[in-house]
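Just below is one structure, and these are the notes that go with it.
The values are calculated or read from the model by the stated rules, or taken from the named source; none is laboratory data. Just so it is clear, the model here is predicted, and its values are computed rather than measured. All Cβ positions, even for glycine, are placed from backbone atoms using ideal geometry, and neighbour counts span all protein chains on display. The protein model used for the area step is the full one, side chains on, heavy atoms only, and it has no ligands, DNA or RNA in it. Shrake-Rupley method; radii C 1.70, N 1.55, O 1.52, S 1.80 Å.
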Amino acid sequence: MIKSLRRKFIAIAMCSLIGVLVLTVGFINTFSYIDVVNKADSRLSLIEGNNGTFPKNGQPHKDGGMRGGGKMSPEAPFETRYFTVTIGESGNVTTVDTGKIAAITTSEASEYAADLYAKNSDSGFYGNYRYKAVPKSNGTLYIFLDCSRELSSFWSFLVISILISIAGILVVFALVLIFSKIAVKPFAESYEKQKRFITDASHEIKTPLTIIEANTEVLEMTGAESEWTQSIRNQIKRLSSLTQKLVFLARMDENQGKLEMTEFSLSDAVLETADSFSTVAMNSGKTLDINVQNGILLRGNEMTIRELVSVLVDNAVKYSTENGNISVSLVEESGHKKLTVKNSTTSLEKGNHDILFERFYRSDSSRNSETGGSGIGLSIAKAVATAHKAKIHAKSPDGNSLEITVVF
């Protein structure tokens, strides 16, 4: 349980950190990319407004505008690398200007523009070039702006930010791994004391119970059996059952992950355990239907699995309605073994009832007193299911029945 709590603490801390880093890095790099695009489009607007050439003073000629406003650096005309291609109405390249770039040839420039003209694309990226198609009276002018330096900086920053984030995650994981042990230590110590108390108290209770039972037998031998001695025996039986369950739970907590696992017939274990309650159900005027698929095997601890089945069926028999129905079924579907115990009941709210697996939870104190319930039986079932990495759920599909399902 402590290990599970620690794992959850680490998982929550790391998921929170990863979520924050992903959002932060994502936002920063998204805005960085948008900035690259906006600056490129601003320069394309300048070139477009100056009839396909970059103005020497960084301002557009005539009525051309600068996208997003702002001022250009005085060095911008010398740093900007671009080329233009004009395609006539017939679809043929009419003019090519590569005078402001050395990395592209005339034939390559013509090929790029022809490809975009065929795709009818107006703007975007073509490799490392940001382009824009400008309609002209004699055809279409394609302006290509070299963004290789800006894109290289963007990708470098993206990679570095991701690597730094990963390194940060690893460092924080190591720190959380170390400090989580310190954080859960007080709880672990308290939990260990609780387990020791339960185990010690259970063993200590056995001695006075044995003496009380022996004294009761002497009273019955010297006198006669009465309702008072019978009541004492019933309470002794109830306390003995409770101490056994507490010891069982404490051992399950201590041996979590250490149970001896072997392959056994789950079908036989369920059938034999459930069938032992047939007489009890019949004497209570209730019907017990058992439907077990043959040949289902399970790798687990057979003794604790039988205890799980016994708890579930016993709970169903005790708390089903008068002359009610109890059904036990075991089937294998898609590699999962599904054990279902269902009993009729009254005044139960529809929906999930997993709270029944909480230790000492009692939905109806008066009925628990009548049946001898302690509110700990289903906790045992949950502990066994958890030890076998199975999922256990309780629900009421219609408000008139309780259905407990264990999926291995």
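For this structure, a couple of remarks:
- A count restricted to the range 98-131 and to residues that are within 16 Å of residue 44 (Cα to Cα), open to solvent by 70 Å² or more (accessible area, probe 1.4 Å) and more than 51 Å from the chain's Cα centre (by Cα) stands at 1.
- Verdict on residue 304 being part of a helix (DSSP H, G or I) and in contact with a Lys or Arg (Cβ under 7 Å, 6 or more places away or on another chain): no
Quick grid of which residues meet (1) out of contact with any Gly (no Cβ under 7 Å at 6 or more places or on another chain); (2) farther than 21 Å from residue 248 by Cβ; (3) open to solvent by 80 Å² or more (accessible area, probe 1.4 Å); (4) aromatic (Phe, Trp, Tyr):
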site	(1), (2), (3), (4)
281	yes, yes, no, no
284	yes, yes, no, no
310	yes, no, no, no
317	yes, no, no, no
336	yes, yes, yes, no
341	yes, no, no, no
345	yes, yes, no, no
352	yes, yes, yes, no
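- Of residues in the range 250-263 being among the hydrophobic types (A, V, I, L, M, F, W, C) and either modelled with pLDDT under 75 or more than 17 Å from residue 300 (Cβ to Cβ) (or both), the one surrounded by the fewest Cβ atoms within 10 Å (Cβ to Cβ): 259
- Residue pairs meeting the criteria (Cβ under 9 Å; at least 6 apart or on separate chains; first without any contact (Cβ under 8 Å) to a residue 24 or more places away in the chain, in the range 392-408; second surrounded by fewer than 17 Cβ atoms within 10 Å (Cβ to Cβ)): none
- Given (1) touching a strand residue (DSSP E or B) at 6+ places or on another chain (Cβ under 9 Å); (2) in a loop (DSSP other than H, G, I, E, B); (3) within 21 Å of residue 44 (Cα to Cα); (4) not charged (D, E, K, R), number of the condition residue 144 does not satisfy: (2)
- Contacts under 6 angstrom Cβ, first residue in the range 76-91 being closer than 21 Å to residue 42 by Cβ and polar (S, T, N, Q), partner surrounded by fewer than 19 Cβ atoms within 10 Å (Cβ to Cβ) and at pLDDT 90 or above, 6 or more apart: 84/97
- Residues in the range 223-249 that are within 12 Å of residue 376 (Cα to Cα) and touching a residue at least 60 places away in the same chain (Cβ under 8 Å) were compared, and the one that is surrounded by the fewest Cβ atoms within 10 Å (Cβ to Cβ) is 241.
- Subset of the range 143-168 (residues that are exposed (fewer than 15 other Cβ atoms within 10 Å of the Cβ) and among the aliphatic types (A, V, I, L, M)): 159, 160, 162, 163, 164, 166, 167
- Test: residue in the range 175-186 that is in contact with a Leu (Cβ under 8 Å, 6 or more places away or on another chain), within 30 Å of residue 25 (Cα to Cα), not in a helix (DSSP H, G or I) and not basic (Lys, Arg): no
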